1. Do you know which residues across region 8-31 are among the polar types (S, T, N, Q) and in a strand (DSSP E or B)?
2. Quick check, is M115 free of Cβ contacts under 8 Å to residues at least 24 places away in the same chain and closer than 15 Å to L37 by Cβ?
3. Hey, can you tell me all the residues within region 107-127 that are exposed (fewer than 15 other Cβ atoms within 10 Å of the Cβ) and of a type outside the set (K, R)?
4. Looking only at region 151-159, decide whether some residue is at pLDDT below 95 and surrounded by 15 or more Cβ atoms within 10 Å (Cβ to Cβ).
5. Only one of F34, F51 is in a helix (DSSP H, G or I), on the phi < 0 side of the Ramachandran plot and within 12 Å of the chain's Cα centre (by Cα). Can you tell me which?
6. Exactly one condition in (1) open to solvent by 40 Å² or more (accessible area, probe 1.4 Å); (2) of a type in the set (A, V, I, L, M); (3) over 29 Å from L152 (Cα atoms) is false for I134; which is it?
7. If we keep just the residues of region 80-106 that are over 23 Å from G50 (Cβ atoms) and acidic (D, E), which is surrounded by the fewest Cβ atoms within 10 Å (Cβ to Cβ)?
8. Scan region 39-79 for residues that are over 25 Å from A148 (Cα atoms) and open to solvent by 20 Å² or more (accessible area, probe 1.4 Å) and jot them down.
Amino acid sequence: MPEKGQPAPEFALRNQDGELVRLSDLRGQRVIIFSFLIANTMICNNQACGFRDALPQIKANDAVVFGVSNDSERTLAKWKASRNLQYDLLSDPDHNMLDEWGAWGLDMRLIKLPMPTRSYWVIDEDGILVDQQIGIGAQASIEKALAAVEQLAQSKQAQS
């Protein structure tokens, strides 16, 4: 699992359109990544639509956002269209990225279910992980990720 203050682990995942998205290609931008359990379920809809609705604030802080799960590209494409999500959804069918980032295996106390753990990560322009939380509620993931990216933007402005 990556640690705050360290470089975020590289990944290359396909988005809902089958296009390859590499974390290294996003250098120079602030990045929010959130993981969700299953596309088009009630709480995941709340989370994804919450990030959609926060997109103006995210963009105002020079950031981009991505959702990631082990859903198929096709499932993600349908969900993106049905909920008018204006950012990419990334498919991690073998859960390699989710494993490496500490968000695979939903802990149900006695067992771990083979699915993503709702989480978020914020990465700065240099690829450094500045904030994260593994295992978080849908609304809290939006609020905390947005607060982290706003704080990052403010600290960069203060340095200018």
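1. Of everything in region 8-31, just one residue is among the polar types (S, T, N, Q) and in a strand (DSSP E or B), namely N15.
2. no
3. Of everything in region 107-127, those that are exposed (fewer than 15 other Cβ atoms within 10 Å of the Cβ) and of a type outside the set (K, R) turn out to be D107, M108, L110, I111, L113, P114, D126.
4. yes
5. F51
6. (3)
7. In this case the residue turns out to be D94.
8. N40, T41, M42, N70, D71, S72, E73, R74, T75, A77, K78 - these are the residues of region 39-79 that are over 25 Å from A148 (Cα atoms) and open to solvent by 20 Å² or more (accessible area, probe 1.4 Å).
The values are calculated or read from the model by the stated rules, or taken from the named source; none is laboratory data. The structure displayed is predicted, hence computed values, not measured ones. As a convention, Cβ positions derive from the backbone with ideal geometry for all residues, glycine included, and neighbour counts pool all protein chains shown. Ligands, DNA and RNA are excluded from the accessible area calculation, which covers all protein heavy atoms including side chains. Shrake-Rupley method; radii C 1.70, N 1.55, O 1.52, S 1.80 Å.
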